[in-house]
Amino acid sequence: MTSDGVVVDEAIRAAWDAYRVLEKRTSDKDRQEAQQRVKAAVDAYGREEVSRGTVFLVGVLTGYLIAEQPRGEGRLDPLSDLIPAVIRRLPTFEMADPAQVPMVTGVLMAAAMGMDTVAWRDRFGQIPPEEALVHGFVLWLLADLFDSMAGRPGVIDHMMRDTFEAMIAEQD
């Protein structure tokens with residue numbers, strides 16, 4: 001595990017790939033490649049680091065959702081609209097453990113307040129698998145909300161994949 005809210009790039013990519021595995025619009029070929037990258041990242045860096053990558057992306061998407069909204073009426077208030085909307089939809093995932101909701105809500109609150117979500121979450125120790133799973137569902141819900149607000153299904157996936165490709169190009 002890294003420190004000070006820093007997450008290994010490959011773990012962040014794997015966290016997004018885990019989203020792509022859940023997303024029904026992902027082609028079978030892309031889903032298999034995503035699963036392979038998740039497995040490789042878990043093998044190389046551990047499940048914990050990939051979980052931290054998911055927490056990082058929850059912060060990123062929450063920040064996007066807050067910043068990219070039009071000013072004025074119809075704007076989602078992070079504390080009274082965004083966070084409750086996400087939390088209310090968690091029960092639609094059968095495997096979402098309700099006992100994990102306080103921690104994932106805390107991560108969303110930290111993101112809404114502009115805090116480093118990984119550094120905030122790290123203060124509470126390692127992320128157990130049950131919590132990591134719920135963070136993955138939250139990431140999916142945020143991505144779905146982003147796409148809905150943009151009116152274009154898959155727009156956040158395209159944007160994130162472009163970002164990862166640019167990161168890889170920088171490293172070469």
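Values as computed for the structure displayed
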read-out: Subset of the stretch 99-114 that is modelled with pLDDT under 95 and either basic (K, R) or surrounded by fewer than 16 Cβ atoms within 10 Å (Cβ to Cβ) (or both) - its residue that is nearest to V6 (Cα to Cα); value: G114
read-out: Residue that is surrounded by the most Cβ atoms within 10 Å (Cβ to Cβ), among those in the stretch 141-172 that are under 25 Å from D4 (Cα atoms) and at pLDDT 90 or above; value: L142
read-out: Meets criteria (closer than 21 Å to E48 by Cβ and without any contact (Cβ under 8 Å) to a residue 24 or more places away in the chain) for G151; value: no
read-out: Members of the stretch 84-98 found to be touching a residue at least 40 places away in the same chain (Cβ under 8 Å), part of a helix (DSSP H, G or I) and open to solvent by less than 40 Å² (accessible area, probe 1.4 Å), listed by number; value: A85, V86, L90
read-out: Set A18, A40: member being under 27 Å from L82 (Cβ atoms) and either among the hydroxyl-bearing types (S, T, Y) or assigned to a helix (DSSP H, G or I) (or both); value: A18
read-out: Filter pass, P70 being modelled with pLDDT of 90 or more, open to solvent by 20 Å² or more (accessible area, probe 1.4 Å) and not aliphatic (A, V, I, L, M); value: no
read-out: Options F124, F93, F56: the member that is at negative phi, aromatic (F, W, Y) and more than 16 Å from the chain's Cα centre (by Cα); value: F124
read-out: D81 vs. criteria at positive phi and either in a helix (DSSP H, G or I) or open to solvent by 40 Å² or more (accessible area, probe 1.4 Å) (or both); value: no
read-out: Residue match in the stretch 43-63 (condition: part of a helix (DSSP H, G or I), among the charged types (D, E, K, R) and surrounded by fewer than 16 Cβ atoms within 10 Å (Cβ to Cβ)); value: yes
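The values are calculated or read from the model by the stated rules, or taken from the named source; none is laboratory data. Everything numeric in this text was worked out from a predicted model, so none of it was measured. Here the Cβ is made from the backbone with ideal geometry for all residues, glycine too, and neighbour counts use every protein chain on show. The area values use the complete protein model at the heavy-atom level, side chains included, leaving out ligands, DNA and RNA. Shrake-Rupley method; radii C 1.70, N 1.55, O 1.52, S 1.80 Å.
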